[in-house]
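Step one of this worksheet: look at the structure below.
The values are calculated or read from the model by the stated rules, or taken from the named source; none is laboratory data. None of the values given here were measured: they were computed from a predicted structure. Backbone-built Cβ (ideal geometry, glycine too); neighbour counts: all protein chains shown.
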Amino acid sequence: MTTSTNINNYALAPVGSLNSFNNLAHSIPVLTAEEEFDLATRLQQDGDLDAAHRLILSHLRFVSRIASGYNGYGLPVVDLIQEGNIGLMKAVKRFDPTKGVRLVSFAVHWIRAEIHEYVIRNWRIVKIATTKAQRKLFFNLRGAKKRLGWLNHAEIEAVAKDLGVTTKDVISMENRLSQPDASFDLPTDQDDDEHNFSPAAYLTAPENEDPSLALDQADYTDYQHNRLSHALGTLDDRSRDIISQRWLKEEGKSTLHQLADQYQVSAERIRQIESNAIQKLQGLLA
């Protein structure tokens with residue numbers, strides 16, 4: 001069994017890079033179930049900080065392993081590990097050895113929770129997930145997109161059903177994840193620095209207007225417009241014209257009687273054609 005002195009020596013070893021941290025973490029022996037139970041009991045009953053120290057150090061390898069799974073977000077792995085370490089310390093503090101569960105099984109949830117919070121805070125300047133459902137969607141959708149690329153309508157519906165969110169939420173998050181980062185600053189001109197300003201210095205926006213929400217809404221509007229255009233293309237010419245004149249004109253929408261005169265049928269017949277066309281469109285856009 002590793003002595004307290006040896007554990008302290010591990011902790012005092014210099015860590016200057018990710019490789020050296022991983023080497024350190026893997027050089028510390030994994031505790032047996034009996035050792036873990038004894039240390040956790042000493043911490044819980046006596047507040048033994050040396051026991052907590054040993055529990056934390058013996059689980060650093062698991063933090064490194066979990067953190068490496070989040071390196072696709074463009075954030076430094078060492079920072080992810082640091083956040084994971086915070087989660088590990090919280091888990092050790094709350095761990096109850098009498099429950100019959102190993103610490104690593106309990107700690108993994110705390111480690112991931114801290115890493116998730118860090119990713120959400122730092123992955124983009126603009127927050128992209130603010131509710132519990134959005135955060136769940138954010139992390140699960142990234143995994144789905146790695147396997148599937150752009151999601152089609154059936155895949156969007158499947159993701160929405162699995163995660164308990166709306167298809168609109170899935171489309172919105174997919175658009176956000178697909179947008180590249182762009183600088184808000186103008187390139188500086190070294191010959192005339194005093195006349196170069198960041199837009200942040202002089203642009204104003206109406207109160208309570210969120211640029212990220214405006215962009216998201218514009219993307220969603222374009223998506224719906226494309227779907228509607230495709231759905232209209234499935235209608236026959238007369239049905240498509242009736243729907244366009246009755247619903248899609250910005251001004252001067254036609255009445256049932258005007259269309260009845262145009263097509264030389266009754267107003268009731270125009271209403272029936274319109275109703276059938278709308279039902280077909282609703283089925284395609286649902």
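Tabulated values for the structure
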{"read-out": "Tally, over the stretch 236-286, of residues that are within 30 Å of LYS168 (Cα to Cα), at pLDDT below 90 and not in a helix (DSSP H, G or I)", "value": "5"}
{"read-out": "Residue in the stretch 263-273 that is in contact with a Lys or Arg (Cβ under 9 Å, 6 or more places away or on another chain), within 26 Å of HIS153 (Cβ to Cβ), surrounded by 14 or more Cβ atoms within 10 Å (Cβ to Cβ) and in contact (Cβ under 8 Å) with a residue 12 or more places away in the chain present", "value": "no"}
{"read-out": "Residue match in the stretch 39-54 (condition: among the β-branched types (Val, Ile, Thr), surrounded by fewer than 21 Cβ atoms within 10 Å (Cβ to Cβ) and within 24 Å of the chain's Cα centre (by Cα))", "value": "no"}
{"read-out": "Residues (crowded, with 18+ Cβ neighbours inside 10 Å and closer than 28 Å to LEU43 by Cα) located in the stretch 64-84", "value": "SER64, ILE66, ALA67, LEU80, ILE81, GLU83, GLY84"}
